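The structure appears right after this line, and notes come after that.
The values are calculated or read from the model by the stated rules, or taken from the named source; none is laboratory data. All figures in this text were calculated on a predicted structure; none of them were measured in a lab. Here Cβ is always computed from backbone atoms with ideal geometry, including for glycine, and neighbour counts include all displayed protein chains. Each accessible area value is taken on the protein alone, full model and side chains, heavy atoms only, with ligands, DNA and RNA left out. Shrake-Rupley method; radii C 1.70, N 1.55, O 1.52, S 1.80 Å.
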Amino acid sequence: MSKRPEFFRGLVLAAATALIFTNATLAQTATSRPPAGPPSVADLAEGLLDAVVNISISQNVKSDDDNAPMPQVPEGSPHQEFFDEFFRGQGGEGGRPRTVNSLGSGFIIDPAGYIVTNNHVIQDADDIEINFSDGSKLKAKLVGMDTKTDLALLKVEPKKPLKAVSFGDSRKIRIGDWVMVVGNPFGLGVSVSVGVVSARGRNINAGPYDSFIQTDAAINRGNSGGPLFNMQGEVVGINTAILSQTGMSVGIGFAVPAELAVNVVNQLKEFGETRRGWLGVRIQPVTDDIAESLKMELPRGALVSGIIEGGPNTKGEIKPGDIIIRFDGTDIAEIRDLMRTVGESPVGKAVDVVIIRDGKEQTVRVTLGRLEDGEQLANAKPGEVLPNGGEAKPGEPPAAQLPASDTVLGMKLAELDADSRQSFGIAESVKGVVITEVQPNSPAAERRVEPGEVIVELGQEAMETPEDVTSRVTELKADGRRNALLMIANKSGELRFVTVRME
């Protein structure tokens, strides 16, 4: 009996100790559990809503039914007035054009009245009206637009300074960070949705500079052009596209990152147009086959397939066959990296370009031209005066097949002489071995090599005769190569690289 109180005291002590440890464990679990999300974005949204606007546009569209006969309505019908008004409005009697209206979003970046939106929101608009959160409205004019990034800059003339927001550094956002979408879905008015950054650097084949932020925050029709905010109230993206078959959010939306938009917006504001850097080269991806044929450990960089005449490479600093792996201090993993980095560089800037040529790295220096001028050069028609003062050269007429001498990799080859040039219409500037026939289902046919094209290089060595081609293929096979890298010129001299299997 004397031991019973001691026994009960032991039980109480054990229970108390267990309770202490349990509470400590629960407290530790509560502090280590990740938060379920921001408790509220009300304060954040309240300070930003006035800077987000609704954009309505109208476009006059001529009716396709101008010559369609009007239906006959019994004279004196109570519906006569309705029919007359309806069909006059559709291009019938009176010829009044039909008006199409659409809605989008935008945001103010300058108290003086500059507004950013998507180009597709205001494209072809005859009238643009900005609707502010306080119910007021102002007409807007288009300052400039950029189809490559789908951005546009508008300007209104306010009576007093407007509430504006600023761009943040989209390079600092991480996958999983909270973001807030503000816009005008389905024309309902300013609405807020919250989600996380789902991915970065997305390529959805919307343009040459694709590097979208993906988010699961609700983006619907009408949200286009609106801002994507971080939790500090900075614009880190411009909502542009969604992945949906219905036009409603399925949790996959895309925004142009601020790091890409800021430079475009600044140029539109200053010049009314973009002024992008231009390297003056044609490029193509470095595929696994190309990397293997060049004995590269991993495919990387951008393969130069041609040089645009009249461009920045006036002294041959960069040559066809070079692989660009670094531009102005930025590593180039794929061609999108090069296009984006060059495009964001100032016109006239001298930059260092690191290339791989003949298996060795070397650095060349190039002074950038202007992309917009380069596009005129690349797309010029025969006889058209070019920005550099030159004139586009006419192409040569198509031609018939020629007899061939040798066959290799499924191709019949012949020397490129005066007769073959005339027969195939090959420009005088093109040098190499002409392809006169491509056998069906051959390695060359798999790569869409066509008769009339010219093998300029094979395995990074210049080709002059069909025997050169046969000999080089033999050397590559002896070296253990599975693919042959061919530099192919078309009839006008434009180059591309293809890999043809030799097994």
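Could you tell me what percent of the accessible area of region 192-283 is made up of carbon and sulfur, with a 1.4 Å probe and every protein chain present? Carbon and sulfur: 44 percent of the exposed surface of region 192-283.
Probing with 1.4 Å while keeping every protein chain in the model, the per residue accessible area of region 168-293 equals 41 Å². As a size descriptor, the averaged projected area of the C-alpha convex hull of region 413-459 was calculated at 3.4 nm².
How big is D, in µm² s⁻¹, for region 159-247 by Stokes-Einstein at 37 °C and 0.692 mPa s if Rh is the Kirkwood radius over C-alpha pairs?
240
Spherically averaged projected area of the convex hull of Cα atoms, region 264-322: 5.8 nm².
The trypsin sites (Lys or Arg not before Pro) of region 172-219 that DSSP puts in a loop, and whose beta carbon has at most 16 other beta carbons within 10 Å, are R174.
Note: region 398-503, Cα convex hull, 83 Å³ per residue. If the viscosity is 1.002 mPa s and the temperature 20 °C, what translational diffusion coefficient in µm²/s does Stokes-Einstein give for region 217-346 when Rh comes from Kirkwood over Cα pairs? D, rounded to a whole number, is 122 µm²/s.
Could you please state how large a percent of the accessible area of region 101-187 is carbon and sulfur, counting protein chains only and using a 1.4 Å probe?
For region 101-187, the apolar C and S fraction of the accessible surface comes to 49 percent.
Taking the Kirkwood radius as Rh and the Cα radius of gyration as Rg, region 125-197 has a ratio of Rg/Rh equal to 1.00. Treating cross-link reach as a plain straight distance, find the lysines whose alpha-carbon is under 18 Å from the alpha-carbon of K295, omitting any fewer than eight places away in the same chain. Reachable lysines: K360, K477.
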